[in-house]
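Structure first, commentary second.
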Amino acid sequence: MNNKVPRGNLKSILKKKKPHLRLATNTDVLVHLSLLLFLHRLAEESRAKAFESRSSTIKPDHVLKVAKGVLRRARG
């Protein structure tokens, strides 16, 4: 996996935010995967919204309309 952010940086950010948690060795990879899955879901639903409005390209307003619902579902 080619990360733009080194794994060490991601681990240190997680440690600073939640120092009391004991993190597994692959936690940073799981966080990265979760982010990618979230972005993929956001892109798919934005594309569907653009298709509903008969647009051939995804515009910022399509993403904004969909983002609230995707964030609500991502929280659990």
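The values are calculated or read from the model by the stated rules, or taken from the named source; none is laboratory data. What you see is a predicted model, and the numbers here were worked out from it, not measured in a lab. Here the Cβ is made from the backbone with ideal geometry for all residues, glycine too, and neighbour counts use every protein chain on show. For accessibility, only protein heavy atoms count, side chains too; no ligands or nucleic acids. Shrake-Rupley method; radii C 1.70, N 1.55, O 1.52, S 1.80 Å.
Being closer than 23 Å to ALA74 by Cα and exposed (fewer than 12 other Cβ atoms within 10 Å of the Cβ) is a description that does not apply to LEU10. Close contacts from the range 30-48, counting a first residue that is without any contact (Cβ under 8 Å) to a residue 60 or more places away in the chain and a second that is open to solvent by 50 Å² or more (accessible area, probe 1.4 Å) and not aromatic (Phe, Trp, Tyr), with Cβ to Cβ under 6 Å and a gap of 6+ residues or different chains, come to PHE38/ALA74; SER46/ILE58; ARG47/ILE58.
Being assigned to a helix (DSSP H, G or I) and open to solvent by 50 Å² or more (accessible area, probe 1.4 Å) is the filter here, so list the residues in the range 49-76 that pass it.
LYS49, PHE51, GLU52, PRO60, ASP61, LEU64, LYS65, LYS68, LEU71, ARG72, ARG73, ALA74 - these are the residues of the range 49-76 that are assigned to a helix (DSSP H, G or I) and open to solvent by 50 Å² or more (accessible area, probe 1.4 Å).
For the range 54-76, a residue qualifies if it is more than 26 Å from LEU10 (Cβ to Cβ), of a type outside the set (Val, Ile, Thr) and at pLDDT 85 or above, and the qualifying residues are ARG54, LYS59, PRO60, ASP61, HIS62, LEU64, LYS65, LYS68, GLY69.
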